[in-house]
Amino acid sequence: MKFAQISKRVFLFLAVNVLVVLTISVVLSLLGVRYHLGSGQYGPLMAFCLVWGMAGAFISLALSRLMAKWFMGVQVIDPRTSDPDLQELVQMVHGLAQRARLPAMPQVGIYDSPEVNAFATGPSRSRSLVAVSRGLLHAMRRGELEGVLGHEIAHIANGDMVTMTLIQGIINAFVMFLARVLAFAVSQAMRSRDDGRGGNYFVQYLLVHLFEFVFSLLGWIVVCWFSRVREFRADAGGARYASREHMIGALEALRRVHEAPAIAAGQADSFQTLKISGKPGHLFATHPAIEERIARLQNMAA
């Protein structure tokens, strides 16, 4: 599985988050903010990391809609559009949002891509965005499309963006904390070996950012596990808002697209990138396998 084969929504959030955490660390270093470990007082350091780790995650969340529009070329649809197809799309999203009792209607966007994908993002249930690709609109019938949109509305209604942000914030805190503790230990060992000669702070500075990057990748595994759990819950929500039949139909349509000759001939990586489906047991999969998702819906009480 290539590095790019990660859910675009989650990938954008995580990429921005890592950059924010690294930027915070660099800025704090340049401003002379220090954390002292020699005394063995780890409580203040943990509090320091928790504050800035959460800050990084919530900055990423606040920028999520903007990042989607910038990096994926999402164009927000005017609800008063004269295009009947786009107007139907907006009305469908708003109808599902009303069933989910969202406090405000989400923005509805579309982006030019042959990929079969849809995603929801935004800092809160009141400031959200649901975006679909043109490839998805062309590949699905109305009921199947409603199932996909019901799933995305469920993500918003379940507060998944905030939940994932809190999880990422906690992971950020541990990443920053462990990176500093380990960098301090390594730099002290190197200093002892070199008989206390200079350069210790510069080495520690480099090690902190190296360990932050490595631990962020390990933390990604935890985030992806939580993402898979939330996907099952969003499937159940989509079944409530759009009907179980439409939700199953949407997943079966995605499976048909995945198994189509054009996909098998060379677009499987692209399909996997979007992340509607993951490989069973894959640590970096943000979505469960389609077969498992369909089976869970079929086993739901009618």
**Report entry** Only listed residue being modelled with pLDDT of 85 or more, surrounded by fewer than 21 Cβ atoms within 10 Å (Cβ to Cβ) and either under 26 Å from residue 98 (Cα atoms) or of a type in the set (S, T, N, Q) (or both), chosen from 240, 255
**Finding:** 240
Query raised in the report: So which strands (runs of 3 or more DSSP E) are wholly in region 102-163 and hold at least 1 residues that are open to solvent by 10 Å² or more (accessible area, probe 1.4 Å) and either of a type outside the set (D, E, K, R) or more than 22 Å from residue 80 (Cα to Cα) (or both)?
Result: 107-111, 118-124
Query raised in the report: residue 111 is checked against (1) without any contact (Cβ under 8 Å) to a residue 40 or more places away in the chain; (2) touching an Asp or Glu at 6+ places or on another chain (Cβ under 9 Å) and fails just one. What number does that condition carry?
Result: (2)
**Report entry** Criterion violated by residue 166 - all others in (1) part of a helix (DSSP H, G or I); (2) crowded, with 17+ Cβ neighbours inside 10 Å; (3) among the aliphatic types (A, V, I, L, M) satisfied
**Finding:** (2)
Query raised in the report: Going through region 73-101 one residue at a time, which ones are open to solvent by 10 Å² or more (accessible area, probe 1.4 Å), in contact with a Leu (Cβ under 8 Å, 6 or more places away or on another chain) and in a helix (DSSP H, G or I)?
Result: 85, 92
Report task. Collect the residues in region 85-127 that are of a type in the set (D, E, K, R) and more than 21 Å from residue 60 (Cα to Cα), keeping them in residue-number order. Result -> 85, 88, 99, 101, 112, 115
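The values are calculated or read from the model by the stated rules, or taken from the named source; none is laboratory data. For clarity, every value in this text was computed on a predicted model and none was experimentally measured. As a convention, Cβ positions derive from the backbone with ideal geometry for all residues, glycine included, and neighbour counts pool all protein chains shown. Keep in mind that these areas ignore ligands, DNA and RNA; they rest on the heavy atoms of the full protein, side chains included. Shrake-Rupley method; radii C 1.70, N 1.55, O 1.52, S 1.80 Å.
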